[in-house]
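Visitor: One structure follows; several queries about it will come next.
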Amino acid sequence: DEWAAAKTLVKPPDQLELTEAELKEEFTRILTANNPHAPQNIVRYSFKERAYKPVSYVDQMAIHFSLNGNMILKDSDEGRRQSIRLSTAAEKAPVETSAVTSEEAEIKDEESTRDTQAAGEEEAEGSGTAEVSEAAEAEEPPLPRVKEQKLANQFNFTERASRTLNNPVRYNQVLINPASVSQWEIYDAYVEELQKMERSKEKEKPRAQTAKREEEKKKGRKLTSLESQSDDITKISKAAKIMERMVNQNTFDDIAQDFKYFEDAADEYRDHQGTLLPLWKFQYDKTKKLAVTAISWNPKYKDLFAVGYGSYDFMKQGQGMLLLYTMKNPSFPEYVFSSDSGIMCLDFHNDHPYLVAVGFYDGNVAIYNLKKATSQPSYKSSAKSGKHTEPVWQVKWQKDDMDNHLNFFSVSSDGRIVSWTLVKNELVHTDVIKLSVEGTTMEGPEGLQLQTFGCGTSFDFHKKIDYLFLVGTEEGKIYKCSKCYSSQFLDVFEAHHMAVDSVSWNPYHLKVFISCSSDWTVKIWDHTIKTPMFIYDLNSAVGDVAWAPYSSTVFAAVTTDGKAHVFDLSINKYEAICTQLVVANKKNKITHIQFNPVYPVVIIGDERGHVTSLKLSPNLRRMPK
């Protein structure tokens, strides 16, 4: 009966009732390899667009089980080594077993022979001595013992061979018949022969010189005293230089005493005001018509500084000169280099203080090596190697690149900031960035829109952040740039109304930099703020500005009216604590100023080719708290 009864479906009370159309509807599910636990909203900061951007690719792989096996491929190095080790072990095993079996067989043979001999003796007792001797002869000889291999003594040096070739010991002996000759005697004989040859050459030199003079007299020529004494002067050049410095120190003894010991006692009675005491004045006859276009102290020798000479006047371009002076000898430069074009900027290398990078008015850059006795630069750019098309206004050495190649940067009026790398005795250029001016396009031929580029006049690299640097332009703007981006600026400051003559980071405060311009102003900035923190109007075009190396609040500026201004923000935020006339002639203008890194001295250059050194009074060099 139960089998015959109709089957009824059992449904739960809360089952969903669906229509026929809903039941026939198909739902497709696609299995994917995506990890459901992987994050979907990862973002990264884009420095180019200055915004957070979602990451398109997320790793979807999930590892459920991982086990490191101990199997090795047969073709690998370790597999080959193991197979060789196993094969050598297998070869040694049968040899040892065969040797053991042969020894056992020999022992068994010996025992059997002894048994047979004993039986023969019992059967043939009293047979006589002849039989005994025959039995003894028939006996086999005993087995030879295997000779043990002697192990080498690891601590006995005499068993080790040495390949060092030592000269034999020199003995002080007397030989009646000198049949043997040692290496020492051969060496002494050669040295004695060489000394004889050198003496003979020295004797022949004056003879050759007299013969030369006689020949030239016959031809009607006369030797000047300078030519005849040139060899002698080179021998005493070092002594002559020391003597010259001694004479200068005696001549300028009062200035040397002031530099070393004088302190202006009147500073105690002045209300935080200071003065500049003139010291030496450096000048050279051949640079009277040239302007001082660059000054830089040597990083190693604190009394040595380099001066670049050229002209800022477009109509008075000619030759340039690079001179190196020392405070030990103010009357004459230590090094003199002349160039075909005016020198506009220079910089010493920090790690190699004998290398000087130089930028010229014609757009070339060069490297002078002070160790080489030549007046020409060791390396120089050319039109083929990508030189600038306008004057180079500033050069700065950088840290060596990844391949340990020396490199420096240059900025020019053509709008290019170029990195120069010294590779295989030649300068290789790389354009870092071009100063494009937004919103200024020129209409070229056939209606083409040509983009105009800014004219770079100065730049400076951050003291701690390697990639960050500032560029000042002729238009008065200051660009904050990065070495990583060649087509975009990090920021643009509307700094001045005229050309930015100098821009410099503060050596202590990492956010602060200073700029000066021909619009009579000096401005102090925080690079994270678009407006200046301090503005100083100096009533004349400002040629240069420099931070003091001993304080974060002291800086000095020079103006074209011949005055030097020294500020200390910790004492007075509104005006200079020292304003002093350095150049009295109104036609003469001051161009540059630099602080000495160690001594309380500044050097100031002007348009007449003179460099004046001045000592800061105690109020101007107060150390910060």
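The values are calculated or read from the model by the stated rules, or taken from the named source; none is laboratory data. In this text the structure is predicted, and so the values were computed from the model without any measurement. When we count neighbours, we look across all protein chains shown, and the Cβ atoms used for this are built from the backbone with ideal geometry, even at glycine. The protein model used for the area step is the full one, side chains on, heavy atoms only, and it has no ligands, DNA or RNA in it. Shrake-Rupley method; radii C 1.70, N 1.55, O 1.52, S 1.80 Å.
Visitor: Given the condition within 20 Å of residue 409 (Cα to Cα), of a type in the set (Gly, Ala, Ser) and modelled with pLDDT of 90 or more, answer yes or no: does some residue in region 480-502 qualify?
Guide: The answer is yes, given that some residue of region 480-502 is within 20 Å of residue 409 (Cα to Cα), of a type in the set (Gly, Ala, Ser) and modelled with pLDDT of 90 or more.
Visitor: Can you tell me which condition residue 603 does not meet? The list is (1) under 22 Å from residue 285 (Cβ atoms); (2) open to solvent by 40 Å² or more (accessible area, probe 1.4 Å), and all the others hold.
Guide: Result: residue 603 passes all but (2).
Visitor: Further, regarding this structure: For region 19-44, enumerate the residues that are open to solvent by less than 100 Å² (accessible area, probe 1.4 Å) and either of a type in the set (Ser, Thr, Tyr) or over 30 Å from residue 64 (Cα atoms) (or both).
Guide: Listed by number, the residues that qualify are 19, 21, 22, 32.
Matching residues to (1) closer than 16 Å to residue 275 by Cα; (2) out of contact with any Gly (no Cβ under 8 Å at 6 or more places or on another chain):
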| site | (1), (2) |
| --- | --- |
| 534 | no, yes |
| 540 | no, yes |
| 574 | no, yes |
| 590 | no, no |
| 595 | yes, yes |
| 608 | no, yes |
| 617 | yes, no |
| 625 | no, yes |
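Visitor: I've got another one for you. If you go through region 363-386 one residue at a time, how many are open to solvent by 60 Å² or more (accessible area, probe 1.4 Å) and within 22 Å of residue 435 (Cα to Cα)?
Guide: 1
Visitor: Within region 582-625, track down each residue that is over 38 Å from the mean Cα position of the chain (by Cα), hydrophobic (A, V, I, L, M, F, W, C) and more than 23 Å from residue 294 (Cβ to Cβ).
Guide: 584
Visitor: When you check residue 537 against the structure, is it farther than 29 Å from residue 320 by Cβ and crowded, with 21+ Cβ neighbours inside 10 Å, yes or no?
Guide: Answer is no for this residue.
Visitor: Right, here's the next one. Go through region 503-515 and report how many residues are within 16 Å of residue 411 (Cβ to Cβ) and either of a type in the set (Val, Ile, Thr) or open to solvent by less than 10 Å² (accessible area, probe 1.4 Å) (or both).
Guide: The qualifying residues number 4.
Visitor: Of (1) under 26 Å from residue 304 (Cβ atoms); (2) open to solvent by less than 40 Å² (accessible area, probe 1.4 Å), residue 594 satisfies all except one. Which?
Guide: Among (1) under 26 Å from residue 304 (Cβ atoms); (2) open to solvent by less than 40 Å² (accessible area, probe 1.4 Å), residue 594 violates only (2).
Visitor: Tell me which residues, restricted to region 567-591, are within 27 Å of residue 533 (Cβ to Cβ), touching a Lys or Arg at 6+ places or on another chain (Cβ under 9 Å) and surrounded by fewer than 19 Cβ atoms within 10 Å (Cβ to Cβ).
Guide: 570, 571, 579, 580
Visitor: Name the single residue, out of those in region 282-291 being in a loop (DSSP other than H, G, I, E, B) and farther than 15 Å from residue 344 by Cβ, that is most open to solvent (accessible area, probe 1.4 Å).
Guide: Per the stated criteria, the residue is 289.
Visitor: Follow-up question, since we're still on this one. For region 60-78, which positions are in a helix (DSSP H, G or I) and over 46 Å from the mean Cα position of the chain (by Cα)? Give the derivation first.
Guide: As a first pass, look at region 60-78 and keep what is in a helix (DSSP H, G or I): 77-78.
Selection gives nothing.
Visitor: Next question. Out of all the residues in region 506-561, which are of a type in the set (Val, Ile, Thr) and within 19 Å of residue 458 (Cβ to Cβ)?
Guide: Listed by number, the residues that qualify are 512, 514, 521, 522, 524, 535, 542, 545, 558, 559, 560.
Visitor: Specify which of the listed residues (249, 257, 273, 283) is among the polar types (S, T, N, Q) and farther than 30 Å from residue 567 by Cβ.
Guide: Among 249, 257, 273, 283, only 249 is among the polar types (S, T, N, Q) and farther than 30 Å from residue 567 by Cβ.
Visitor: Moving on to the next point. Of all residues in region 334-356, which are open to solvent by 10 Å² or more (accessible area, probe 1.4 Å) and part of a loop (DSSP other than H, G, I, E, B)?
Guide: Those that are open to solvent by 10 Å² or more (accessible area, probe 1.4 Å) and part of a loop (DSSP other than H, G, I, E, B): 334, 340, 341, 350, 351, 352, 353, 354.
Visitor: Does residue 519 count as in contact with a His (Cβ under 6 Å, 6 or more places away or on another chain) and part of a loop (DSSP other than H, G, I, E, B)?
Guide: yes
Per-residue answers, yes or no, for (1) open to solvent by less than 40 Å² (accessible area, probe 1.4 Å); (2) within 21 Å of residue 394 (Cβ to Cβ):
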{"position": "262", "(1), (2)": "no, no"}
{"position": "265", "(1), (2)": "no, no"}
{"position": "270", "(1), (2)": "no, no"}
{"position": "278", "(1), (2)": "no, no"}
{"position": "293", "(1), (2)": "yes, yes"}
{"position": "305", "(1), (2)": "yes, yes"}
{"position": "309", "(1), (2)": "yes, yes"}
{"position": "313", "(1), (2)": "no, yes"}
{"position": "322", "(1), (2)": "yes, yes"}
